[in-house]
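Have a look at the structure below, then the notes.
Derivation of every value follows stated rules applied to the coordinates shown; laboratory data play no part. It should be emphasised that the depicted structure is a prediction, and the values quoted were computed from it without experimental measurement. Ideal geometry is used to build each Cβ from the backbone, glycine not excepted, and the neighbour counts take in all protein chains shown.
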Ligand code: SF4
C-alpha cells in the first residue's frame with residue numbers, strides 16, 4: 001500500500017532522557033494460517049475470476065480485507081447472501097457444519113480456508129462429544145472461531161467467556177469434563193481460568209495438546225520480552241483481531257507503561273511519545289509486514305531510527321493450500337501449493 005505523502009513527517013523528534021530506540025518483536029505479523037487463507041482468496045480470484053465471495057473477514061485485518069475487495073472479493077456475513085452456484089471461501093476462523101450444509105444447499109462451490117490449527121480443535125470437540133464428555137470451551141462470546149467450534153458439538157459445549165464465569169458454572173457430571181480453548185487467547189489468562197476450573201472440578205481433563213496456537217504463543221512471548229524494557233508498546237492490528245488485542249494486554253501486564261493498538265501508522269499520537277526513550281513494536285498474526293514498516297518509518301521521523309529486533313523464536317511453518325486450490329486449472333499441481341511466504345528479517349538484535 002503506497003503511503004499518502006501528507007501523512008508522513010507528522011511526528012516531531014522531541015528530546016527525551018536517554019537514547020531513543022525501537023525494540024521490534026520477532027516473531028510478529030503473519031502466521032501460517034493467515035498467509036494460507038489470504039493466498040487462498042488470491043488464488044480463487046486468479047482461478048475462477050471475480051467476484052469470489054468470502055464468508056466473514058478472511059482474517060481480522062481491515063487492510064487485508066480492503067486490499068482483497070479491490071481485487072474482486074466480496075465479503076458477506078452469511079452464505080444466504082451469495083448467489084447460487086458461486087464460489088465462496090470460508091475464513092481462517094472456521095465454520096460450523098451448519099454453514100457447510102447451508103452452502104451446499106445453495107450449490108455454492110466452497111473453498112475451506114479454515115486454519116488447520118482451528119480444524120484440530122473442531123476435531124477434538126467432535127471426538128470428546130462422541131465420547132460423552134461435556135466440553136468447557138474457553139473463548140470469547142461472538143468470536144467467529146468460537147461459533148464454529150461450538151457448532152461442532154452444540155449440545156455438549158459450554159462457553160467460558162472469562163475467569164469470572166467459573167464460579168457460577170453448572171455442569172452435569174463433574175467427573176466427565178474436558179476444557180478446550182479458542183486458538184488466540186492470552187496464555188496466562190487461559191491458564192488462570194483452567195486453574196480455577198480445576199479447583200472446582202479436580203477431575204477436569206486436559207486437551208491432548210495446546211489449543212492456543214504456536215503463533216499466538218510466540219507473539220506473546222516476544223512482546224513480553226520487549227515490554228520488560230519498553231515504556232511504550234505499539235501493536236499493529238485491527239480491533240476485532242483477538243490475538244492483536246491480547247498483545248496489548250500482555251504488554252501492559254509485563255512492564256510496558258502504555259500500550260496502544262493501531263491499524264495504521266498515522267494513528268500514532270505525538271503525546272504517546274512524550275518522555276519515551278524505548279518504544280516496543282509488534283503486530284498481530286493477521287498483519288502484513290508493510291504496515292509495521294510504516295510504523296517504523298514514522299517512528300524514525302520522531303527520532304526512533306535505531307531499531308533492534310528482539311528474537312524469541314524462528315517460525316517456518318507452512319500449510320498446504322485448501323484442497324480445492326492445490327491443482328491448477330489443467331489439473332497439474334500448483335506451484336504455490338503451500339501457504340506461507342518466507343518473511344525476511346530486516347534487523348537482528
Ligand atoms: S493465529 Fe493461529 S489458529 Fe489463527 S490462523 Fe494463525 S496459526 Fe491459525
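Quick one: which of 79-87, 282-290 comes out on top by average Cβ neighbours within 10 Å, and what's the full order, highest first?
282-290, 79-87
Would you list 296, 136 from fewest to most Cβ contacts within 10 Å?
Least to most surrounded, the residues fall as 296, 136.
For the chain, modelled as a Gaussian network with Cα springs under 10 Å, which listed residue fluctuates most, 230, 153, 101?
101
What is the extension gain from residue 127 to residue 104, computed as 0.36 nm multiplied by their sequence separation minus the C-alpha to C-alpha distance, in nm to one decimal?
Between residue 127 and residue 104, full extension yields an extra 5.9 nm.
Nearest 500 deg cm²/dmol is fine: what mean residue ellipticity at 222 nm does the chain get from its DSSP H runs of n ≥ 4 alone, each adding -39,500 (n - 2.57), divided by its residue count?
-10000 deg cm²/dmol
Which residue, 226, 54, 99, has the most motion in a Gaussian network model of the chain that connects Cα atoms within less than 10 Å?
Largest GNM mean-square fluctuation: 99.
For Cα pairs less than 8 Å apart in space and 6+ apart in sequence, what is the mean separation divided by the residue count of region 117-200, i.e. the relative contact order in percent?
Normalised by residue count, the contact order of region 117-200 is 37 percent.
Could you work out the relative contact order of the chain, using alpha carbon pairs under 8 angstrom and six or more residues apart, expressed as a whole percent?
Reported as a whole number, the value is 26 percent.
Please give the length that would be gained between residue 327 and residue 267 if that part of the chain were fully extended, namely 0.36 nm times their separation in residues minus their C-alpha to C-alpha distance (nm, one decimal).
Full extension from residue 327 to residue 267 adds 17.4 nm.
If R0 is 45 Å, what FRET efficiency do you get for residue 314 and residue 155 from their C-beta distance, rounded to 0.05? Before the final figure, lay out each step's value.
Details: r = 42 Å, r/R0 = 0.94.
For residue 314 and residue 155, the calculated efficiency is 0.60.
Is the shape of the chain rounded, prolate or oblate, going by the alpha carbon gyration tensor and its root eigenvalues a ≥ b ≥ c, with a/c under 1.5 for rounded and a/b larger than b/c for prolate?
Because a/c hits 1.5 or more and a/b fails to exceed b/c, the chain counts as oblate.
Report the extension gain between residue 10 and residue 140 in nm, rounded to one decimal, defined as 0.36 nm multiplied by the number of residues separating them, less their alpha carbon distance.
Net length gain for the segment: 43.1 nm.
To the nearest 0.05, how large is the calculated FRET efficiency for residue 228 and residue 175 if R₀ is 45 Å and r is the Cβ-Cβ distance?
Rounded to the nearest 0.05, the efficiency is 0.60.
Give the relative contact order (percent, whole number) for region 1-113; include only Cα pairs under 8 Å separated by 6+ residues.
Value for region 1-113: 23 percent.
With the cut-off at 1.5 for a/c, could you classify region 3-86 from its C-alpha gyration tensor as rounded, prolate or oblate?
Because a/c hits 1.5 or more and a/b exceeds b/c, region 3-86 counts as prolate.
Between residue 162 and residue 19, with labels modelled 7 Å along Cα→Cβ, what's the label distance in nm to one decimal, could you check?
Each label point is offset 7 Å from its Cα along the Cβ direction, giving 4.3 nm.
With springs only between Cα atoms under 10 Å apart, run a GNM on the chain and tell me which of 144, 199, 134 wobbles the most.
Among 144, 199, 134, the largest mean-square fluctuation in the Gaussian network model of the chain belongs to 199.
Under 1.5 on a/c is rounded, so check that first for region 117-200, then, if it is not, pick prolate when a/b is larger than b/c and oblate when it is not; a ≥ b ≥ c are the square roots of the alpha carbon gyration tensor eigenvalues.
Taking the square roots of the gyration eigenvalues as a ≥ b ≥ c, region 117-200 is oblate.
Taking R0 as 22 Å, what's the FRET efficiency between residue 70 and residue 46 from their Cβ-Cβ distance, rounded to 0.05?
The computed FRET efficiency comes out at 0.90.
For the residues 71, 12, what sequence is obtained by ranking on other C-beta atoms within 10 Å, fewest first?
With the fewest neighbours first, 71, 12 line up as 12, 71.
Can you put 138, 39 in order of Cβ neighbours within 10 angstrom, beginning with the fewest?
Arranged by neighbour count, lowest to highest, 138, 39 become 39, 138.
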